[in-house]
Amino acid sequence: MPKNYLLIYSEQLATEIELLCQSIKAPSNTLFQIRKSSSSIYANIREAQYAH
């Protein structure tokens, strides 16, 4: 089965953004929105790949 690079890279993006958010000081609402956006990218791609 071929590798799905879009899924791999979107998961890496979400992980790296989470680590970045942990290291910066910003209002919690701002960090929440950034985390939510990055994890949403991964979730949407994953759902598109394995839709029921």
Where residues in segment 25-52 are more than 9 Å from the chain's Cα centre (by Cα) and of a type in the set (A, V, I, L, M), which of them is nearest to residue 4 (Cα to Cα)? 45
If I go through segment 21-35 residue by residue, how many of them are assigned to a helix (DSSP H, G or I) and free of Cβ contacts under 8 Å to residues at least 12 places away in the same chain? 8
Could you tell me whether residue 39 is surrounded by 12 or more Cβ atoms within 10 Å (Cβ to Cβ), out of contact with any His (no Cβ under 6 Å at 6 or more places or on another chain) and not hydrophobic (A, V, I, L, M, F, W, C)? yes
For segment 1-17, enumerate the residues that are in contact (Cβ under 8 Å) with a residue 24 or more places away in the chain and outside any helix (DSSP H, G or I). 4
Subset of segment 12-28 [open to solvent by 80 Å² or more (accessible area, probe 1.4 Å) and modelled with pLDDT under 85]: 25, 27, 28
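The values are calculated or read from the model by the stated rules, or taken from the named source; none is laboratory data. Everything quoted here is computed from the prediction, not taken from an experiment. Ideal geometry is used to build each Cβ from the backbone, glycine not excepted, and the neighbour counts take in all protein chains shown. Just so you know, the surface numbers come from the protein's heavy atoms only, side chains and all, with ligands and any DNA or RNA stripped out. Shrake-Rupley method; radii C 1.70, N 1.55, O 1.52, S 1.80 Å.
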